[in-house]
Amino acid sequence: MLKTLASRTWTFLKSFQLTIVLLSLLMLLVVFCTLAQVEMGTAGAVNAYMRSFFVWRHFSFLPFPVPTFPGGGLVGLLLTLNLIAKTMDIQRTWAKAGMWLVHAGMVILFAGEFVAGMMQVDTNMSIEVGQTVNYVESYKTMELAVVDVTDPAWDEVYSVPDTMLTRGGTIAIPGTPITLNVKKHHANSELSALPPGMEPSIATAGAGPGVLVQDRPRVSADNEMDLPSAFIEITTAGQSQGIWLVSAAMNAPQSFSFNGRTYTLSMRLLRQYLPYSFTLKQFRHDVYPGTQIPKNFSSLVQVVNPSRNESREVLIYMNQPLRYEGKTFYQASFGKNDTLSILSVVENPGWLLPYISCVLVSLGLLVHFAIVLRRSLKRRQDQKEG
């Protein structure tokens, strides 16, 4: 019984009909994902359709989402199993060495996509000429940063992800006497001055008492970003410091003191601090003579890494990124009259896999064509001798 089931499963996995069905589903997913980018943005559509095992949908008559279509993760996994099964079915002879290499390269290519989908992290670094930066920022994910700025030479940063604020409740800051109690959270908001005669804000400290917070619909376009806000009561060693309004729409951090220590609060893009720093020495925005057509963007940065006792200058320009400490820094954009450089930072542990795949596929095709050519030449030679 079990052998029969295993045999049928193996036959199903290596069937050409399964390959056709999976490739058809993949083409449909590409179409759906492309259409969904209008409402969900590129990143949202890719995550919803291509990097999930199921495409989920909310129905008005159900309190929870339900799977409505196989996602790219599931289709890709089945394609990988189908490819492995077809590979194992190839004869283990030197005559089939090329096909083995081609199939191995394709499996590695699929594996690289899985690694990228599960583990790749995309951030950016915005740096002005003369500025030194030792962190990268998320594109859209926010955090509440509680920073101990007592020591002028060193900031102690405590991060509270926006997802924790969304859940509400009490949040203790480890290593400090501070406890946060989330009173209200707005996923996307707009701030304005509180009109006279309107019901007062629940904020009692900082800039919040004079500010009106209004909910706004969530955004999904790639060039737009939610501005979350939250009303938070700060407690230090059981003593309330009032209810504060923190918002991504506020430009400056707010501060309070306790037991001789000064802390600041700010809602900002999620940061990842690095054990090294970049200093932008020069940014160039070159155009073709007599036109405004961009020719080249480049950033000359000073990389300082105390752990390596390293200090060197590196030029990052179009199609020439810097690969450093597991991250790849690309020249992405600029601003502030060419005094601000924006580097796109990608951390992908599997970045080498597509290159290995291409080498294996190319080598496999060459080996296969060489074997076929040799066989054809030998057949012609035999015919002449006959």
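Suppose the filter is touching a residue at least 24 places away in the same chain (Cβ under 8 Å), on the phi < 0 side of the Ramachandran plot and either among the β-branched types (Val, Ile, Thr) or open to solvent by 50 Å² or more (accessible area, probe 1.4 Å) (or both); does GLU199 pass it? Let's see the steps before the verdict.
Working: touching a residue at least 24 places away in the same chain (Cβ under 8 Å): no; on the phi < 0 side of the Ramachandran plot: yes; either among the β-branched types (Val, Ile, Thr) or open to solvent by 50 Å² or more (accessible area, probe 1.4 Å) (or both): yes.
Considered against the rule, which asks whether it is touching a residue at least 24 places away in the same chain (Cβ under 8 Å), on the phi < 0 side of the Ramachandran plot and either among the β-branched types (Val, Ile, Thr) or open to solvent by 50 Å² or more (accessible area, probe 1.4 Å) (or both), GLU199 comes out as no.
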Some residue of region 217-224 being in contact with a strand residue (DSSP E or B) (Cβ under 8 Å, 6 or more places away or on another chain) and surrounded by fewer than 16 Cβ atoms within 10 Å (Cβ to Cβ): no
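Step by step: first the residues of region 125-162, then only those that are assigned to a strand (DSSP E or B) and charged (D, E, K, R), then the one that is farthest from the chain's Cα centre (by Cα). Which residue is that?
Restricting to residues being assigned to a strand (DSSP E or B) and charged (D, E, K, R), the top hit is ASP148.
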Of residues in region 336-386 being of a type in the set (S, T, N, Q) and in contact with a helix residue (DSSP H, G or I) (Cβ under 7 Å, 6 or more places away or on another chain), the one least open to solvent (accessible area, probe 1.4 Å): SER357
Looking only at region 133-190, and only at residues there that are touching a residue at least 12 places away in the same chain (Cβ under 8 Å) and of a type in the set (Gly, Ala, Ser), the one that is nearest to ASN305 (Cα to Cα): SER138
Qualifying residues in region 88-103 (those that are buried (at least 17 other Cβ atoms within 10 Å of the Cβ) and within 23 Å of SER7 (Cα to Cα)) - the one nearest to the chain's Cα centre (by Cα): HIS103
Residue within region 279-296 that is surrounded by fewer than 17 Cβ atoms within 10 Å (Cβ to Cβ), without any contact (Cβ under 8 Å) to a residue 40 or more places away in the chain and aliphatic (A, V, I, L, M) present: yes
Selection from region 315-340 of residues that are among the aliphatic types (A, V, I, L, M) and not in a loop (DSSP other than H, G, I, E, B): LEU315, ILE316, LEU322, ALA332, LEU340
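Can you tell me which residues in region 134-155 are of a type in the set (A, V, I, L, M) and buried (at least 18 other Cβ atoms within 10 Å of the Cβ)?
The first filter runs over region 134-155 and keeps only residues of a type in the set (A, V, I, L, M), leaving 136, 142, 144-147, 149, 153.
Hits for region 134-155 are VAL136, MET142, LEU144, ALA145, VAL146.
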Residue under evaluation LEU343, criteria (1) touching a strand residue (DSSP E or B) at 6+ places or on another chain (Cβ under 6 Å); (2) at pLDDT 95 or above; (3) over 30 Å from ASN223 (Cβ atoms), criterion not met: (3)
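The values are calculated or read from the model by the stated rules, or taken from the named source; none is laboratory data. Bear in mind that the values here come from a model prediction, so they are computed numbers and not experimental data. As a convention, Cβ positions derive from the backbone with ideal geometry for all residues, glycine included, and neighbour counts pool all protein chains shown. Calculation scope for accessible area: heavy atoms of the full protein, side chains included, ligands and nucleic acids excluded. Shrake-Rupley method; radii C 1.70, N 1.55, O 1.52, S 1.80 Å.
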